[in-house]
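Down below is the structure, laid out as structure tokens.
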Amino acid sequence: MSSSAPPGPSPSNAPRPIAPRVWLYFVVGQAGWFVCVLSAARGVAWIGGAFVLATVVWHATRVAAPVPELKLVATAVLIGALWESLLVASGLLVYPGGALIGGTAPWWLLALWALFAVQFNVLFGWLKRRLFLAAMVGALAGPLSFRAGAALGAVRFSDPALSLFALSVGWAVLMPLMLALARRWDGVHVPTD
């Protein structure tokens, strides 16, 4: 009798464990979302802003190439300002406060875009080459995040069905767009010569 390897995945196709860094970024991202949304809902949005600023600085000190990552953060904030302000100006989303200029998105929401950006090349790297899947994730997760924010008092929908539809369509475009930018400005996975 010959001995053979036990059935199951071979070492080359065995599932890889999720790196501790991915878990850390997941926890920091979730905590940051709650801190930003809850502090904004309670009128102390500066707490969320400070958390995000600390997270961006922490991220920049941990990556191999901080400049591309900071470009990604700045671009995400700019895209977020345009998109979120469009939703506010259309009347679909109403925020209790935090806008620096009337009819625009509150500044703490832009901080959430910065928080989101630091996660792209760590948490969402697996989606970079799966843009259709990224669109589906965005179409579902974007509106769910806003719905949770509304439940916590950080935002109100003037027309819930239309607002959630607009968020779904928008995030189906924004998620792949942000991932394409993350592929361009990846300071986490820097090739070594």
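Over the chain, calculate the relative contact order: mean separation of alpha carbon pairs under 8 Å at least 6 apart, over the residue count, as a percent.
Result for the chain is 27 percent.
Specify the inter-centroid distance of the range 136-193 and the range 50-98, based on alpha-carbon positions, in whole Å.
That distance is 12 Å.
Order the following by accessible area, largest value first: D186, D159. Probe radius 1.4 Å; ligands, DNA and RNA are ignored. Write out the running numbers ahead of the final one.
Values: D186 30, D159 65 Å².
In descending accessible area the options line up as D159, D186.
Sort 112-118, 165-171 for me by packing, meaning the mean count of neighbouring Cβ atoms within 10 Å per residue, highest on top.
Result, highest mean Cβ count within 10 Å first: 112-118, 165-171.
With every protein chain in place, what's the accessible area of L38 (1.4 Å probe, Å², nearest 10)?
Looks like 60 Å² after rounding.
Report in % the part of the accessible area of the chain that belongs to carbon and sulfur, leaving out ligands and nucleic acids; probe 1.4 Å.
Carbon and sulfur atoms account for 70 percent of the accessible area of the chain.
Whenever you get a sec, line up H189, H59 from highest to lowest accessible area (probe 1.4 Å, protein heavy atoms).
H189, H59
Give me the dipole magnitude in Debye, nearest 20, for the chain about the Cα centre, with unit charges on the beta carbon: positive for Lys and Arg, negative for Asp and Glu.
Rounded to the nearest 20 debye, it is 240 debye.
What's the extension gain from S90 to V57 if we count 0.36 nm per residue and subtract their Cα-Cα distance?
Extending this stretch completely gives an extra 8.5 nm.
Any chance you could give the angle, 0 to 90 degrees and rounded to 10, that helix 160-184 forms with the longest Cα principal axis of the chain?
Result, in degrees: 50.
What do you reckon, how do K128, K71 stack up by accessible area (1.4 Å probe), largest on top?
The ordering from most to least exposed comes out as K71, K128.
Heavy-atom accessible area per residue, the chain, 1.4 Å probe: how many Å²?
With the other protein chains kept in place, the chain gives 55 Å² per residue.
Can you give the Rg/Rh ratio of the range 47-184, where Rg is from the C-alpha atoms and Rh is the Kirkwood radius?
0.96
The values are calculated or read from the model by the stated rules, or taken from the named source; none is laboratory data. Not measured: the values here are computed from a predicted model. For neighbour counting, all protein chains shown are included, and Cβ atoms are generated from backbone atoms with ideal geometry for every residue, glycine included. Each accessible area value is taken on the protein alone, full model and side chains, heavy atoms only, with ligands, DNA and RNA left out. Shrake-Rupley method; radii C 1.70, N 1.55, O 1.52, S 1.80 Å.
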